[in-house]
Amino acid sequence: MINIENIVATVTLEQGLDLYAMERSVPNVEYDPDQFPGLIYRLESPKVTSLIFKSGKMVVTGAKSTDELIKAAKKIIRSLKRAGISITGKSKIQIQNIVASANLHLHVNLDKAAFLLENNMYEPEQFPGLIYRMDDPRVVVLIFSSGKMVITGAKREEEVYRAVKRIYDKLVELECVKQVEEEGELEF
């Protein structure tokens with residue numbers, strides 16, 4: 001079971017923007033350059049937040065899928081145009097990070113996994129999860145003994161699914177997982 005929790009992307013408009021003009025003409029924006037150099041624009045549907053900078057760059061966060069991200073970026077640009085802001089040329093969207101969660105529904109022996117997996121860090125006194133740096137795809141996976149995981153660093157949704165499949169297969173191969181039993185302690 002895998003859920004995309006958040007997609008962070010940059011949108012490049014390749015033109016400068018007048019944030020003061022946007023603040024006056026675009027509804028539901030916040031702009032206080034003394035506190036933060038960007039204009040904050042929140043959409044209700046899809047529920048995303050965009051940070052818009054005078055350079056013409058935007059950071060869009062909160063989307064739960066690539067399609068939702070593209071839809072949100074287009075909606076933001078359309079609303080800017082409707083408010084009289086001149087947007088010329090094509091915008092370029094680039095995904096920077098996808099954060100997802102997954103649940104293997106298995107108990108993971110983190111001590112054994114830490115010993116057998118390469119590129120990991122596990123210090124249970126500091127943090128209850130094992131931090132695993134995967135090379136292909138290039139992501140970081142936080143693995144918890146409950147079988148729950150957080151995947152971060154993916155650039156495409158399919159990388160998340162591939163990462164979960166690869167770590168699941170690896171944990172099974174290394175015999176680091178057990179079925180979750182209804183009652184009692186697990187023995188490895």
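Nearest 10 degrees, 0 to 90: what angle lies between the long axis of helix 66-82 and the longest principal axis of the chain (Cα atoms)? On a 0 to 90 degree scale, this one is about 10. Centroid-to-centroid, using Cα positions, segment 138-153 and segment 18-55 are 33 Å apart.
Hey, could you get me the Stokes-Einstein D for the chain, Kirkwood radius over alpha-carbon pairs, 10 °C and 1.306 mPa s, rounded to whole µm² s⁻¹? Answer, rounded: 85 µm²/s.
Just flag the trypsin sites (Lys or Arg not before Pro) in segment 78-118 sitting in loop per DSSP whose Cβ has no more than 10 other Cβ atoms within 10 Å.
Values: sites: Arg78, Lys81, Arg82, Lys90, Lys92, Lys112; in loops: Lys90.
Sites meeting the loop and neighbour criteria: Lys90.
To two decimal places, what compactness ratio does segment 62-163 give when its Cα radius of gyration is scaled by 2.2 N^0.38 Å? Cα-based Rg divided by the globular estimate yields 1.47.
Pairs with C-alpha atoms separated by more than 19 Å, drawn from the list Lys54/Lys81; Lys64/Lys90; Lys47/Lys74; Lys57/Lys90; Lys81/Lys155, are Lys64/Lys90; Lys81/Lys155.
Heavy-atom accessible surface of segment 71-162, averaged per residue, reaches 57 Å², computed with a 1.4 Å probe. For the chain, the longest principal axis of the Cα atoms and the long axis of helix 157-173 meet at an angle of about 10 degrees.
Per residue, the convex hull spanned by the alpha carbons of segment 44-122 comes to 156 Å³. The loop-placed GluC sites (Glu not before Pro) in segment 1-75, going by DSSP, that have at most 10 neighbouring Cβ atoms within 10 Å of their Cβ come out as Glu44.
The values are calculated or read from the model by the stated rules, or taken from the named source; none is laboratory data. All of these numbers come straight from a predicted model, not from anything done at the bench. Glycine gets a Cβ as well: all are built from the backbone with ideal geometry, and neighbour counts include every protein chain shown. What goes into the accessible areas is simple: the full protein's heavy atoms, side chains included, and nothing from ligands, DNA or RNA. Shrake-Rupley method; radii C 1.70, N 1.55, O 1.52, S 1.80 Å.
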